[in-house]
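A quick write-up on the structure given underneath.
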Amino acid sequence: MIAKRPTVIFVLPNLQPGGAVTSVWLFCQTLITAGFSVSALILGSRSEYAFAKFANAGIAIAERADLAEADLVVLCFWNTPAVHAFIREPHPPLRVALRPCVEGNLQPHVITREVADFADVVWASATSTLDNPNIARLPCRTLHFPRNFADFRRISTGNPSEFVSGYLGTVDFVKLHRDYVSMSAAAGMDMVFELWGAGGAKAAIKKEAKSIGRENDFRVMGATDKPIDALQRFDVFGYPLCPDSYSANDATLQEAMAMGLPCVVIDHPGNRDLVRDGETALVASSPEAYSKALSALRQDPELRAQVGARAASSIRKFHADRSSGDMLGAVSDALAMPKRVRNAAGLVLNGADLFVSSLGDKTNAFSRNLHALRQEVGGQSEQDETEIASSSPGMCNAGAGGLFDYRAGFPDDPFLRYWTALVFARMGRSAVALAELHAARRLGLAPSIANERYANLSAIMQSGGTPVQPPRHDNIDLP
């Protein structure tokens, strides 16, 4: 009798090119080589490129009906409406391993109690994730997917006539530090800056670079499926992430280190497993310190060589110490657990409540303002509405986990539409704010609150002014 191959289904919020999906792809390859049957359930969008990459690796596409027969379900988590809706669906008995693809403690990508309750075991990608109190009662371990960096070796130093500080990753202020241009430019006039990756920050970066007379020094190159070729162009790897970045031992940082590039980063809990200041990277505590560190590497070839060599050695040892046996052992331990039924009774499914719940903090401005709006006392939460209007790019992420993502998922929710109106008004985009406000009122927002906001916005439009100085993440648009 032929034994049945163990079946593992990976549940993904979406299937788009990026470090998280690449890591899952590597995990799947290891399991397939070990004799597992592996498939992926995609809850959201999928790109043709990523879909073909999965198909070529022998990873099938699963349906929800397949979950009942799965030996193990691996939920790859980052905050999206689809993930939280999936958690709240009725399911057959399952074994669930939670694989956070984010650090998990910074809004909007928070491992909430509801997310933790869905899991039987947690496989974290960053040590700092284990500080999350919601997963304390679960079996937890850091689990790093084995990487082979044999091809990541420098064979050139880019253009010898230029000194290039390169960035590879999401070119959007949801991840990249909003002061990227100014903090990079401050490192010196004899440097150029290349940014490789998809994202919506190109126009803002070019505009800021032009305003300081360095438009030609900042080059947004676009997405690439050949990271090695991009990294070969760099002299240093500048990776300054925003304070609320969801970063967790990012694959692109690991690849830059493996290439032997000296890296400059801003301190972030999600990447502390990889970098040690002055040894495997230069770790800055502020934008000013980042500029100084980048300048120091530019001026000191010996420092570049030492930090780059230690980075390459360190990242290879990091993965050598975390073999595929660790990963297969984690899967084996999970398979020994009994299947159980998840209880989603009483958990909300409507848009605004789901968004507030996904942030894991019942005392935040969105939660307080939601209560005020339902009590029709919006004027009593002016401070909260100012905070909402000034939300960071991460909180306004239109692609994963932010307010605009939930607004796209629940277009008939009046409170989500009201909050997006506040953000657009803050940005000075009064016409779009008015459209969102009209929709919010039509969908059920209290007329007294809508009328007050409508009068303010109408006055602003008639005067040609803006309500306040708009924030500097103007790449936000309606989903």
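Residues in the range 100-127 that are under 26 Å from Cys396 (Cβ atoms), outside any loop (DSSP other than H, G, I, E, B) and of a type outside the set (Asp, Glu): how many?
Narrowing the range 100-127 to residues under 26 Å from Cys396 (Cβ atoms): 100-116, 125-126.
Those still in the list that are outside any loop (DSSP other than H, G, I, E, B) too: 100, 105-106, 109-110, 113-116.
Within this subset, residues satisfying the condition of being of a type outside the set (Asp, Glu) are 100, 105-106, 109-110, 113, 115-116.
Qualifying residue count, the range 100-127: 8.
Can you tell which of Phe355, Phe318 is assigned to a helix (DSSP H, G or I), touching a residue at least 60 places away in the same chain (Cβ under 8 Å) and buried (at least 21 other Cβ atoms within 10 Å of the Cβ)?
Just one listed residue meets the conditions, Phe355.
Among the residues of the range 150-158, is any at pLDDT 95 or above and farther than 30 Å from Arg113 by Cβ?
Of all residues in the range 150-158, those at pLDDT 95 or above come to none.
Within the range 150-158, not a single residue is at pLDDT 95 or above and farther than 30 Å from Arg113 by Cβ.
Yes/no per residue for (1) assigned to a helix (DSSP H, G or I); (2) at pLDDT below 90; (3) among the aliphatic types (A, V, I, L, M):
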| site | (1), (2), (3) |
| --- | --- |
| Ala3 | no, yes, yes |
| Leu26 | yes, yes, yes |
| Gly44 | no, yes, no |
| Ala55 | yes, yes, yes |
| Val74 | no, no, yes |
| Phe86 | yes, no, no |
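Quick check on this structure: which one of Ala312, Ala198, Ala209, Ala203 is surrounded by fewer than 23 Cβ atoms within 10 Å (Cβ to Cβ), part of a helix (DSSP H, G or I) and either modelled with pLDDT under 95 or out of contact with any helix residue (DSSP H, G or I) (no Cβ under 7 Å at 6 or more places or on another chain) (or both)?
Of the residues listed, the single one that is surrounded by fewer than 23 Cβ atoms within 10 Å (Cβ to Cβ), part of a helix (DSSP H, G or I) and either modelled with pLDDT under 95 or out of contact with any helix residue (DSSP H, G or I) (no Cβ under 7 Å at 6 or more places or on another chain) (or both) is Ala203.
Residue-wise test of (1) touching a residue at least 12 places away in the same chain (Cβ under 8 Å); (2) charged (D, E, K, R).
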position: Pro93; (1), (2): yes, no
position: Val96; (1), (2): yes, no
position: Arg99; (1), (2): yes, yes
position: Ile111; (1), (2): yes, no
position: Ala124; (1), (2): yes, no
position: Ala136; (1), (2): no, no
position: Cys140; (1), (2): yes, no
position: Leu143; (1), (2): yes, no
position: Arg153; (1), (2): yes, yes
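Quick one: is Val275 farther than 19 Å from Gln254 by Cα, touching a residue at least 12 places away in the same chain (Cβ under 8 Å) and either assigned to a loop (DSSP other than H, G, I, E, B) or not assigned by TED's automatic domain parsing to the domain that holds Leu253 (or both)?
no
Against the definition (at pLDDT 85 or above and either of a type in the set (Gly, Ala, Ser) or crowded, with 18+ Cβ neighbours inside 10 Å (or both)), how does Ala433 come out, yes or no?
Against the criterion (at pLDDT 85 or above and either of a type in the set (Gly, Ala, Ser) or crowded, with 18+ Cβ neighbours inside 10 Å (or both)), Ala433 qualifies.
Give the residues of the range 8-21 that are surrounded by 18 or more Cβ atoms within 10 Å (Cβ to Cβ) and either within 18 Å of Asp66 (Cα to Cα) or not hydrophobic (A, V, I, L, M, F, W, C) (or both), sorted by residue number.
Within the range 8-21, Val8, Ile9, Phe10, Val11, Leu12, Pro13, Asn14, Gln16, Gly18, Gly19 meet the criteria.
In the range 235-288, what residues are over 16 Å from Ser125 (Cβ atoms) and of a type in the set (Ser, Thr, Tyr)?
Listed by number, the residues that qualify are Tyr239, Thr280, Ser285, Ser286.
Check whether at least one residue in the range 227-248 is more than 25 Å from Ser47 (Cβ to Cβ) and in contact with a Pro (Cβ under 6 Å, 6 or more places away or on another chain), and report yes or no.
Yes, that holds for at least one residue.
What residue, of Ser392, Ser367, is among the small types (Gly, Ala, Ser) and in contact (Cβ under 8 Å) with a residue 40 or more places away in the chain?
None of the other options fit; the residue is Ser392.
The values are calculated or read from the model by the stated rules, or taken from the named source; none is laboratory data. All figures in this text were calculated on a predicted structure; none of them were measured in a lab. Positions of Cβ are backbone-derived with ideal geometry, glycine not excepted, and every protein chain shown enters the neighbour counts.
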